[in-house]
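Trainee: Take this structure first; my questions come after.
Read-outs throughout are calculated quantities, based only on the coordinates presented, and are distinct from any laboratory measurement. Being a predicted model, the structure only gives us computed values, none of them experimental. Ideal geometry is used to build each Cβ from the backbone, glycine not excepted, and the neighbour counts take in all protein chains shown.
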Amino acid sequence: MKAAYDLHIHSALSPCADDDMTPNNIVNMSIIKGLDIISVTDHNSSFNLQALYNVSVRNGIMLIPGIEVQTKEEVHMLCYFKNVRNAIEFGNIIYENLPDVENDEQLFGKQLIMDDMDNVIGKACKLLLSSADIPIDNLWDIVKSFKGVCIPAHVDRASYSIISNLGFIPSTLNIKTVEISKYEHFESFIEKFPYLKGLRTITSSDAHYLGDIFERQSFMDIDDFTCTAIFNYIKGK
């Protein structure tokens with residue numbers, strides 16, 4: 001079956017996201033836009049995932065718990081998990097490995113922690129736009145230890161991508177799927193890196209504002225609406 005997805009959305013926890021990106025607003029906008037599967041992948045943190053999961057269950061849309069990690073090499077990796085518990089435990093490890101640099105709200109924006117009624121219950125203190133002190137190969141192993149999957153984010157962008165920063169995709173990571181940006185011309189990009197033709201690609205919104213969440217425009221062929229089926233797709237099976 002074809003499932004409409006958007007697997008790269010930011011909540012108001014990410015300082016670069018709009019404060020209107022609350023759990024209920026994200027879920028309801030995703031439903032209005034006709035999506036079947038979403039993932040909210042805040043920068044280096046899982047603090048809003050429990051609230052988002054509660055809202056998604058209440059409203060009948062599938063949420064894959066996720067986090068966008070910035071590795072030691074300043075590479076953005078999208079990490080997905082089969083349950084909120086694993087995602088939160090993983091997120092705690094990432095947060096602990098961020099430098100002790102306090103967020104400057106005036107410069108970077110608020111980092112709002114919310115409950116499932118969109119009440120602000122706290123703020124993330126560390127700047128979430130920093131790099132975690134975890135190399136990309138170590139990150140891969142940590143994600144696997146939590147039964148998760150990991151893909152390079154927006155590989156065709158000029159910054160914070162595995163190709164722009166490393167110049168290649170390490171074969172040791174056994175990557176089968178990459179995310180490409182909706183803003184770039186992937187056809188011309190892939191000519192420079194032909195080995196990408198052998199990989200599966202997904203495209204998500206990287207939405208920081210409600211209006212940027214995808215319509216029914218990106219699809220994956222899966223057997224059923226389960227995390228196992230979605231993870232198999234990401235693993236190239």
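Trainee: Just from its helices, what would the mean residue ellipticity at 222 nm be for the chain, if runs of 4 or more DSSP H residues each count -39500 (n - 2.57) and the sum is divided by every residue, rounded to the nearest 500 deg cm²/dmol?
Mentor: Mean residue ellipticity at 222 nm (helix-derived): -8000 deg cm²/dmol.
Trainee: Once the other residues with Cβ under 12 Å from the Cβ of Asp118 are scored (Lys, Arg +1; Asp, Glu -1), what is the net sum?
Mentor: Taking every Cβ under 12 Å from that of Asp118, the sum is -4.
Trainee: Also: Using a cut-off of 15 Å between beta-carbons, work out the net charge of the residues near Phe168 (Lys and Arg +1, Asp and Glu -1, Phe168 not included). Write down the numbers at each step before the final one.
Mentor: Numbers: positive: Lys192, Lys197; negative: Glu73, Asp137, Asp156.
Residues near Phe168 contribute -1 overall.
Trainee: Can you give me the Rg/Rh ratio for region 184-237, using Cα atoms for both radii and the Kirkwood formula for Rh?
Mentor: Reported Rg/Rh (Cα atoms, Kirkwood Rh): 1.03.
Trainee: Next up: Say a paramagnetic label sat at a point 7 Å from the Cα of Val120, along Cα to Cβ; which residues of region 1-36 have their backbone N under 19 Å from it?
Mentor: 10-26
Trainee: Based on the alpha-carbon gyration tensor of region 142-213 and its eigenvalue square roots a ≥ b ≥ c, which shape applies: rounded if a/c is under 1.5, prolate if not and a/b is larger than b/c, or oblate?
Mentor: Oblate, since a/c reaches 1.5 and b/c is not below a/b.
Trainee: Can you give me the long-range amide H partners of Ile64? Hydrogens built in the peptide plane at 1.01 Å from N, cutoff under 5 Å, separation of 5 or more residues or another chain.
Mentor: Correct list: Ile38, Ser39, Val40.
Trainee: Counting every Cα pair in region 48-189, what percent are over 25 Å apart?
Mentor: Numbers: 3387 of 10011 pairs.
Above the 25 Å cut-off, region 48-189 has 34 percent of its Cα pairs.
Trainee: Sticking with this structure for a sec: Please report, for the Cα atoms of region 109-150, the Rg to one decimal and the Dmax as a whole number; what are they, in angstrom?
Mentor: 14.5, 38
Trainee: Of the listed values [x] 54, 36, 34; [y] 59, 45, 40; [z] 47, 42, 33, grab the one calculated as Cα extents along the principal axes in Å from the structure here.
Mentor: Here the calculated entry is [z].
Trainee: Still on this structure, please answer the following. Taking the number of other C-beta atoms within 10 Å as the exposure measure, put Tyr80, Tyr5 in order starting with the fewest.
Mentor: Working: Tyr80 21, Tyr5 26.
Going from least to most buried by this count: Tyr80, Tyr5.
Trainee: Rounded to whole Å, give me the distance from the Cα center of region 54-84 to that of region 159-182.
Mentor: 18 Å
Trainee: Lys and Arg at +1, Asp and Glu at -1: add these up for the other residues within a Cβ distance under 12 Å of Phe225 and post the number.
Mentor: Local net charge: -2.
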